[in-house]
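Where a number appears in this text, it was derived from the coordinates with a stated rule and is not lab data. The model shown is predicted, which means the values in this text are computed figures rather than measured ones. Positions of Cβ are backbone-derived with ideal geometry, glycine not excepted, and every protein chain shown enters the neighbour counts.
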């Protein structure tokens with residue numbers, strides 16, 4: 001049991017016992033290696049279910065949408081930014097929440113680890129800086145920094161931006177990170193090459209919508225792809241429909257995405273759709289000096305007009 | 001049953017020969033994982049896999065399948081008529097399908113081939129296809145086939161079963177279709193005495209490597225309403241994000257939607273995979289949705305696979321234990337856990353406590 005787990009349980013038990021919250025949303029131990037399951041606990045004697053390790057990559061802000069209870073929410077840096085975004089977008093009220101912040105050192109990329117192992121991984125353990133994966137006839141230990149989810153390796157907000165409780169000491173933020181090298185590489189392509197690149201990127205998509213549904217931003221009661229009157233998008237495997245879904249979804253996340261990586265993590269066929277949202281994140285940063293979810297006081301870039309907003313693109 | 005011996009050379013040459021008579025489909029590694037794809041001329045199926053990431057159900061049941069075309073062009077004689085699209089399905093062989101995935105087609109057939117209604121699209125493809133199974137010597141840790149009515153060398157749904165050996169393969173011919181394929185491939189060398197016993201030994205050893213199980217014995221007898229009203233659905237469904245990963249990766253999920261797509265005055269009617277996880281799946285024209293919450297939808301998925309199917313067909317659960325949904329669920333909802341909860345619910349007698 002990591003010390004973070006112990007602290008989380010202590011905080012959860014205290015909040016539930018005192019009646020400060022009706023439920024705590026966190027993670028419980030998964031049933032397969034490198035997977036934990038989002039869960040809730042309602043009673044102090046159930047807090048033993050809660051765990052914390054490098055496999056808590058799903059964004060728990062997703063589970064707050066329109067809930068009515070008083071909730072203790074376990075939140076790493078990105079989750080906390082999406083909690084802020086949820087509050088700004090009226091999907092939950094600040095007064096309903098006790099944010100249990102978890103300073104984060106990044107989440108493990110289960111695919112990256114699997115690809116570095118010679119067989120099926122049956123057991124995984126970790127220390128503060130290393131992850132060991134074992135299977136039949138092999139054991140591999142990796143520096144955690146080498147097997148982080150891509151978004152985590154680029155993260156500059158590992159500490160929760162809002163919190164009422166803290167499950168561990170704040171961590172040092174990564175400095176001098178080049179967050180957009182991959183986006184620049186795509187920007188530099190010729191249009192033809194870029195189009196081909198996107199075609200290849202999206203070719204394996206099966207329209208399962210795991211990316212959309214794992215995303216805390218995608219809470220529309222009816223997504224545009226599910227509208228039937230009128231129907232905007234076909235439902236089959238036509239590449240135009242597949243692209244329409246991915247491109248439009250990305251634009252709906254403009255100025256809101258925190259690059260938590262839940263979409264990429266959820267994808268069953270390994271598509272890096274974060275490239276699209278990161279491009280918009282980069283634009284928001286360059287055009288409006290805006291990063292999503294950092295403050296409850298500031299209105300989002302696309303929510304606010306400023307006389308000095310860049311308008312060079314209007315001709 | 002005839003047992004054949006196929007060495008590496010006969011294997012490669014046999015597939016080349018069979019490619020003259022069959023469209024060959026097999027596991028192919030694309031980027032990070034294996035998929036079942038048509039094999040190019042001379043391309044061999046890549047058996048360095050435990051199983052394909054997604055199931056091969058698309059071979060028989062494409063995710064998007066045109067059923068009819070139509071035109072509203074008034075000058076055309078065939079205006080306002082639905083014209084059937086007949087998919088050209090040459091004799092096909094799926095080479096290297098795992099026994100679980102072949103058994104899954106047997107279960108899916110119960111839905112698409114009934115005394116009253118036959119789905120010609122599914123049946124034409126199924127009947128044109130020969131299933132060359134590959135016994136599973138190294139099942140995944142999340143495979144639970146042996147308690148899901150299947151097994152690593154299960155024969156149901158296969159036409160020919162291969163077992164990989166040091167020299168190549170031994171093959172057990174199971175049906176006339178399998179016999180025809182072996183003939184087309186020129187695989188005629190009989191396996192020596194004792195090969196069948198060796199195959200059984202391999203199967204036993206593989207079964208022994210299965211480490212994951214489900215309990216299903218009470219699912220049939222426990223009253224459906226008790227399970228429906230069981231108190232655990234809130235907890236089971238909490239993490240679910242209602243994506244279609246479990247249903248789309250499942251070899252036994254068969255639900256589909258029908259959509260018309262039009263362009264100008266021409267249109268096509270499509271049969272498309274659908275998922276009970278999607279809110280739209282049950283949305284009525286009135287706007288009412290009888291499965292309006294994720295609890296409803298998650299419960300439906302598990303009750304269908306583990307209760308309604310069991311009652312309706314008396315053929316066990318609608319699951320072959322391939323473990324894909326367990327491995328791919330983004331939030332780790334695990335059918336093994338839910339199955340055991342449902343099965344145990346009857347035994348514990350808690351059902352009585354539900355008003």
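What the table below lists for this structure:
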read-out: Alpha-carbon centroid distance for the pair the range A:66-80 / the range A:241-282, whole angstrom; value: 22
read-out: Inter-part distance where the range A:156-224 and the range B:155-173 are each reduced to a Cα centre, Å; value: 45
read-out: For residues of B:271-282, the mean tally of beta carbons on other chains within 10 Å; value: 3
read-out: Hydrodynamic radius of the range A:184-315 per Kirkwood, over alpha carbon pairs, in Å; value: 16.2
read-out: When the protein assembly as shown is reduced to its Cα atoms, the Kirkwood hydrodynamic radius in Å; value: 27.1
read-out: Sequence of A:67, B:8 once ranked by neighbouring C-beta atoms within 10 Å, starting from the fewest; value: B:8, A:67
read-out: Paired Rg and Dmax values of the range B:224-353, which use every Cα atom, in angstrom; value: 16.5, 61
read-out: Chain A, relative contact order [Cα under 8 Å, separation at least 6], %; value: 16
read-out: Residue exposure sequence - A:69, A:37, B:217 - by fewest surrounding Cβ within 10 Å; value: B:217, A:69, A:37
read-out: Normalised convex hull volume, chain B, alpha-carbon set, Å³ per residue; value: 174
read-out: Taking the range A:121-275 and dividing mean pair separation by its residue count, relative contact order in percent (alpha carbons under 8 Å, at least six apart); value: 19
read-out: Relative contact order, percent, the range B:224-353 [alpha-carbon distance under 8 Å, six or more residues apart]; value: 29
read-out: Sorted by Cβ neighbour density within 10 Å, fewest at the top, the residues A:8, B:158; value: A:8, B:158
read-out: Gyration tensor verdict on the range A:177-262 (Cα atoms; rounded if a/c is under 1.5, prolate if a/b is larger than b/c, oblate otherwise); value: oblate
read-out: Semi-axis lengths (Å, descending) of the ellipsoid that matches the C-alpha gyration tensor of the range A:112-229; value: 31, 23, 20
read-out: Estimated FRET transfer efficiency when R0 is 45 angstrom, pair residue B:312-residue B:78 (beta carbons, to 0.05); value: 0.65
read-out: Inter-centroid distance (Cα atoms) of the range B:58-88 relative to the range B:23-45, Å; value: 29
read-out: Residue A:200-residue A:125 pseudo-label distance in nm [points 7 Å out on the Cα-to-Cβ vector]; value: 4.1
read-out: Cα-based convex hull, chain A, per residue volume (Å³, whole number); value: 162
